[in-house]
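Data block below; observations after.
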């Protein structure tokens, strides 16, 4: 079996006006749908970051991918890694997501591109062999993968514009009371048993109040996490950590309170001195295997957020889970705006990773059924879990009519790159700049 | 596809009178051949540690293995790991190979048993799908796996006894000159391009002389390693490291010079202070994922010797290679007396592990063609390499007549457990005791 064709579909999907320390989500999120087709006519699919950059990066791999054996992935990884070195030198080495949005750092480009190919090849192999992806990787440790409610502050309305707008049921969410309402709605619909609040948007006292309101509403059996994406100083991070010592206890965590591993380590030290053991998590400062050792050495991070999309695929999430377990670190999973293909890739990665013990993040509730490219519609999340179906590969097929609609939306868009700061300036405050730390 | 049968064949194979700090190899080494048979009549095989202990440990898993899906391995790993905990508490926690021979520590029993099942299942899956094992694991990073010449001090004659004795071509090897002759013979026959000397047998000055003689004979293009299995004090280890600073340079290493990670760390510190960067390797102090972090933290070990047989299978060697790479540590591979099935399992593990960059150890030259259980005879080692054949699974089939002969030899043996100290007392010196450190 060889790969006879690689097809790339750049799509746009409606995305609500969600806020974070990076700024504001634009009316459309960009994704790329990747299809590898085998000489026997079987198709493997994956979904990854969108826009012209990721598309061009994948396009540049066409000659390396077409004609090759989909089982031979590790060699491709080593080739792409080796070639990433010059880039790294040019960019003076900040391979994090501190300054650039996930999906935008050129130093991770090879890992993202490889991941998109790997996930599509694993789907292809699974379909060729009649096996679910997780069972190709040593077998599942769970058949139902828990995800967390991912709460955002947001402006009114859903995503999209004009004919394509998708009103959402959450409306404007700009204070603690609305956050609790959002959480209730999301839990009612999906059954999530853990909750994450995307912070870094308002004054930390307001966000402390939001977390406290969530704890009051749902009680201590629902673990809580807050993620301000580095918006805070060390001082503020410690202050929030102390204030929320009870609320983030019992399975919760404090994610990327401040920028850089050194500053995270200082936050950790000060919290420990004060008797607060709330673990610090990161998907900003720790984005690749090279970062893990340093994060561990400094005790800057106790939980690493994996993500098959930029860690280099599903097998790398498995490797990361063993690595973190060996170092006594926890593993969770990061998410970006995505559709059902990514959700299934994440679910298979989690199902096959023994030491991934936190509910995974997912933006899935923020996307709309009208944009789903999975045949048969949205992947169900029931009791907060995605079930691994007894179907081969990732367990989904592409709805090409829906893909075509996504491509059409993409074609019409005036932008080809995610830029939350520009969007914030355009829609909310022309003088807005991303400043770290803001508080 | 389900596993319908598990068959265990305890065998004995001739083994020459090889010396190490553990004592003397007995005339027969013990191995267990494991066969899993699927409901479709396909067989997967593996080879592991022998004797009554390993046999009973595998036998105790029969009910967990028969009737299960050979793809569902990770769950079995987690179950066995969880049940290993009580053992660990009982044994007060020294899960190393310092005091007990590889294969004998009860704290690693679950990892060894799981590995034997995992390797047989991977062979079965490969045969069912028509794919070589390494290509089921992300694909090979090399199609030819380099092994090292594994030199031993030894007494005259080959292994076995009476009708079953297998004279070897190496004769008595008890000094530097004979070691060079042994190396020449082994290189001529197998083409090895790296050399390991099993030390810890004679006064360190004699072993320093042997390494120097090897360097003189083969020049700096042939990397050298020496492994006294903890026979030396910190002082002696440092002295040898300084004496061999040039000879172990350029791809060589100093393996387990002394017992315990703390003492290895002290050796490392003193060597570095003296400007000697020879890396320290270990298969004695580092035998499981839990040890790696501590070895790294102390900088006690710079190269970890993997081994699918006790690290928990072929996938674990892959995970270990990513772990060590992330920590900036090297990876090599350990070996025990074995036949061609283990050789192929090791070759597939190395082929699928991107960051395993040293030639693997192998005892294979010390075993005899008459004892091989692989159909068609011994696996060839050419130019020091084992080629991954384009055959499914591990690439070998069992010769059941040969297995029966091995079982018969086992039945006749008066011992059921490796005991190099007893053998040393019996054959060489009744007063001999394993003392650490000896020098």
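Read-outs throughout are calculated quantities, based only on the coordinates presented, and are distinct from any laboratory measurement. Please read all numbers here as calculations on a predicted model, not as lab measurements. We place every Cβ from the backbone using ideal geometry, glycine too, and count neighbours over all the protein chains shown.
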Original post:
Would you list B:381, A:42 from fewest to most Cβ contacts within 10 Å?
Top reply: A:42, B:381
**OP:** Go ahead and run the numbers for FRET between residue B:189 and residue B:212, Cβ-Cβ distance against an R0 of 22 Å, rounding to 0.05.
**Re:** 0.40
**OP:** With everything on Cα atoms, drop me the angle between helix A:314-326 and the longest principal axis of chain A, reported from 0 to 90° to the nearest 10.
**Re:** 40
Original post:
Which value in nm describes the separation of the simple spin-label points at residue A:404 and residue B:100, placed 7 Å from the Cα toward the beta carbon?
Top reply: 6.6
Subject >> Rounded, prolate or oblate (a/c below 1.5 giving rounded, otherwise prolate when a/b exceeds b/c) for the protein assembly as shown by Cα gyration tensor >> reply: prolate
**OP:** State the Kirkwood hydrodynamic radius of chain A in Å, one decimal place, computed from all pairs of distinct Cα atoms.
**Re:** 21.7
Original post:
Based solely on its DSSP helices, what 222 nm [θ] is calculated for chain B when runs of n ≥ 4 H residues each add -39,500 (n - 2.57) and the sum is averaged over all residues, nearest 500 deg cm²/dmol?
Top reply: -11500 deg cm²/dmol
**OP:** Take peptides B:132-139, B:20-27 and line them up by average Cβ neighbours within 10 Å, highest first, as a rough protection proxy.
**Re:** B:132-139, B:20-27
Original post:
Going from the alpha-carbon gyration tensor of the range B:135-394, what semi-axes, largest first and in whole Å, does one get by taking the root of 5 times each eigenvalue?
Top reply: 28, 25, 15
Original post:
Say we join alpha carbon atoms closer than 10 Å with springs in a Gaussian network model of chain B; which of B:328, B:406, B:126 then has the biggest fluctuation?
Top reply: B:328
Original post:
Using the alpha carbon gyration tensor of the range A:211-324, what are the three equivalent-ellipsoid semi-axes (square root of 5 times each eigenvalue), largest first, in whole Å?
Top reply: 24, 17, 12
Subject >> Residue among B:386, B:407, B:273 with the largest mean-square fluctuation in a Gaussian network model of chain B, springs linking Cα atoms under 10 Å >> reply: B:273
**OP:** Using Cα centres only, tell me the gap between the range B:192-236 and the range A:248-290 in whole Å.
**Re:** 46
**OP:** Take the range A:286-335, compute every pairwise Cα distance, and split them into 10 Å bins from 0; I just need the percent in each bin.
**Re:** 29, 61, 9
Original post:
What is the distance, in nm, between label points placed 7 Å from the Cα along the Cα-to-Cβ direction at residue A:69 and at residue B:383?
Top reply: 1.9
Original post:
Which of B:5, A:429 comes first, and how do the rest follow, when ranked by fewest Cβ neighbours within 10 Å?
Top reply: A:429, B:5
Original post:
Measuring label to label, 7 Å along Cα→Cβ, what does residue A:40 give against each other copy in nm, shortest first?
Top reply: 1.1
Subject >> Overall Cα dimensions of the range A:247-291 - principal axes, largest extent first, Å >> reply: 30, 21, 15
Original post:
Projected area of the range A:1-136, taken from the Cα convex hull and averaged over every viewing direction, in nm²?
Top reply: 9.1
**OP:** Multiply the residue separation of residue B:433 and residue B:79 by 0.36 nm, subtract the distance between their alpha-carbon atoms, and state the gained length in nm to one decimal.
**Re:** 123.6 nm
**OP:** Quick one: angle between helix B:176-190 and the longest Cα principal axis of chain B, in degrees between 0 and 90, rounded to 10, please.
**Re:** 40
**OP:** Could you calculate the FRET efficiency of residue B:60 with residue B:426 from 1/(1 + (r/R0)^6), where r is the beta carbon distance between them and R0 is 35 Å, rounded to 0.05?
**Re:** 0.65
Subject >> FRET E, pair residue B:2, residue A:163, Förster distance 51 Å, beta-carbon r, rounded to 0.05 >> reply: 0.45
Original post:
Between copies, how close do the residue B:184 label points come, placed 7 Å along Cα→Cβ, listed in nm from shortest?
Top reply: 8.9
**OP:** Mind checking B:320-330 for the average number of partner chain beta-carbons within 10 Å of each residue's beta-carbon?
**Re:** 5
Original post:
If you count the DSSP beta bridges with both ends in the range B:135-394, what percent of them are antiparallel, to the nearest 5?
Top reply: 25
Original post:
If you line up the long axis of helix A:234-243 against the longest principal axis of chain A, both from Cα atoms, how many degrees apart are they, to the nearest 10?
Top reply: 80
Original post:
Please state the Cα pair-distance histogram of the range B:168-276 with 5 angstrom bins from zero: what percent is in each bin?
Top reply: 2, 13, 24, 24, 19, 10, 6, 2, 0
Original post:
If you rank B:382, B:234, A:173, A:34 by fewest surrounding Cβ atoms within 10 Å, what's the result?
Top reply: B:382, B:234, A:173, A:34
